[in-house]
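Just below is one structure, and these are the notes that go with it.
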Ligand code: PHE
């Protein structure tokens, strides 16, 4: 019997060495060590042997079985590795393939122009000052020399939020905040959001953007105002675009002017964009009223200053030929995606 067991072990090992696939392997296992195998048949015959011989034969059979199982485990392990390698090979990874680029967004057109405006003024020696969207009457009106009965203070024009708080109607508030805190010479711009109780239409939005400029120093003149503004307009819109001032009134500047630039669409000949006037309104400007300076403790005998305010939305619309200001606030991706 011992001889036969050795033969079985040898047969099993030879067979296992020539297995073909996993199914084959399981068949071999049951053939050699399964319940109906010859080897297990010996096990069943143990009972008919004399008592003293049983343990030795039992062990001999077990040894044979373990030898076969060891080989089986070894082959099974090999098979697993092989299958894994096959899997990798079939899922071929092409390391030279270009990757999928992540989707890239773009800045809002207003943000793009906002930054361009800042860059231009910074190149002209200005610093950027920030104010607050929520202001008080002092900074939005009183300190700007605005009489108590001025129409702009009206509920129909200004959003009040109670307790001497309102949404600023202009970035001129930042003039005041800067002059309260800094001595001349002052040379700042302040871009930001403003609010007015306007019905939205193609050219009005209750929230909009202005950029304020303020220069205060010794010997600052109206000529400096003209020069600075022209410098900006040329850098923003090109050297062919002229600007002009029309007399106007603002409570906090004297003299005051409204700023027009030659129509960027037709160059001044007249077209739909400029309503056939050849000019586009850009904002307001003037020499800082001595009252404003004195009220903030800046000696108006020694210092003079100029200020102007331009519409950032307006500039953006002109730069990109956008027909309706509301497009800037609707966050419609079909619109925004065009500004890559
Ligand atoms: N704040 C003014 C407006 O909103 C514009 C302006 C700014 C005028 C600075 C003069 C000086 O209409």
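The values are calculated or read from the model by the stated rules, or taken from the named source; none is laboratory data. Owing to the predicted nature of the structure, the values given are computational and were not obtained by experimental measurement. Quick reminder, even Gly has a Cβ in these numbers, built from the backbone with ideal geometry, and neighbours come from all protein chains shown.
Working only within region 305-340, note down all residues that are crowded, with 21+ Cβ neighbours inside 10 Å and more than 20 Å from residue 207 (Cα to Cα).
Passing the criteria: 305, 306, 307.
For region 190-211, does any single residue satisfy the condition of being within 15 Å of the ligand (Cβ to nearest atom), surrounded by fewer than 17 Cβ atoms within 10 Å (Cβ to Cβ) and farther than 21 Å from residue 310 by Cβ? Full working, then the answer.
Step one: list which residues in region 190-211 are within 15 Å of the ligand (Cβ to nearest atom), which gives 190-198, 203-211.
Adding the requirement that they be surrounded by fewer than 17 Cβ atoms within 10 Å (Cβ to Cβ) leaves 193, 197-198, 203-204, 206-207.
Narrowing further to those that are farther than 21 Å from residue 310 by Cβ: 197.
Yes: one or more hits.
Which of (1) more than 16 Å from the ligand (Cβ to nearest atom); (2) touching a strand residue (DSSP E or B) at 6+ places or on another chain (Cβ under 8 Å) is the odd one out, the single condition residue 187 does not satisfy?
The one condition residue 187 does not meet is (1).
Quick check on region 327-335. Is at least one of its residues in a strand (DSSP E or B) and closer than 25 Å to residue 121 by Cα? Can you show your working first?
Here is the first cut: in region 327-335, the residues in a strand (DSSP E or B) are none.
For region 327-335, residues in a strand (DSSP E or B) and closer than 25 Å to residue 121 by Cα: absent.
Among the residues of region 266-280, which ones are in a strand (DSSP E or B) and out of contact with any strand residue (DSSP E or B) (no Cβ under 6 Å at 6 or more places or on another chain)?
Of region 266-280, the ones in a strand (DSSP E or B) are 279-280.
None - no residue of region 266-280 is in a strand (DSSP E or B) and out of contact with any strand residue (DSSP E or B) (no Cβ under 6 Å at 6 or more places or on another chain), so the list stays empty.
Which condition breaks for residue 43 when tested against (1) assigned to a helix (DSSP H, G or I); (2) loosely packed, with under 11 Cβ neighbours inside 10 Å?
All conditions are met except number (2).
Are any of the residues in region 271-286 in contact with a helix residue (DSSP H, G or I) (Cβ under 6 Å, 6 or more places away or on another chain), closer than 19 Å to residue 310 by Cβ and modelled with pLDDT under 95?
No - not one qualifying residue is present in region 271-286.
Kindly indicate whether residue 142 is within 16 Å of the ligand (Cβ to nearest atom), in the same structural domain as residue 325 (by TED's automatic domain parsing), over 36 Å from the mean Cα position of the chain (by Cα) and without any contact (Cβ under 8 Å) to a residue 40 or more places away in the chain.
yes
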